[in-house]
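The values are calculated or read from the model by the stated rules, or taken from the named source; none is laboratory data. Remember, predicted model here, so these are calculated numbers, not experimental data. The area values use the complete protein model at the heavy-atom level, side chains included, leaving out ligands, DNA and RNA. Shrake-Rupley method; radii C 1.70, N 1.55, O 1.52, S 1.80 Å.
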Amino acid sequence: MKLEVFDPAMCCSTGVCGPGVDPQLARFAADLGWLQEQGVEVQRYNLAQQPQAFVASTAAKDALRQHGEQALPLLVLDGAPVSHGSYPDRDALARLTLAGLVPSGSALPIADEQAGGCGCGPGGC
């Protein structure tokens, strides 16, 4: 199982760059680390640093064409988009990727809110 995360343009994906820390990005980075410990292959792409990954991905191109940058962050599981517009929490990530390990009856909301910044101060990093 492979989860690809297509992040908006930002200086880093950890949330600890620049003068301020973005707790949402720090939490998400930790949650992706947890997913990797569960055996999920995770690849993360930053629009500012790896635009070629966005060009190479049909799912990313389609999402950007349809929603613009509001589609980011975009999560693609085994080639299929599963979430866009915000970073899901650990429970949602587990439901997306580890369906057999999560109690049934839990519905996964598909996020559609625009993501926040990378924690960098005004003017970027």
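Stretching residue 53 away from residue 69 to a fully extended chain increases their span by 4.2 nm, per 0.36 nm per residue minus the current alpha-carbon distance. Remark on residue 10: its backbone amide H falls under 5 Å from those of 47, 48, 49, a criterion applied only to residues 5 or more positions apart or on other chains, H modelled at 1.01 Å from N. Computed over protein heavy atoms with a 1.4 Å probe, the accessible surface of the range 1-94 works out to 47 Å² per residue.
For residue 82, the residues whose amide H sits under 5 Å from its own are 75, 76, 77, ignoring neighbours fewer than 5 places away on the same chain, with H placed 1.01 Å from N. Backbone amide hydrogens, once placed in the peptide plane, bring residue 42 within less than 5 Å of 3, excluding anything fewer than 5 places away on its chain.
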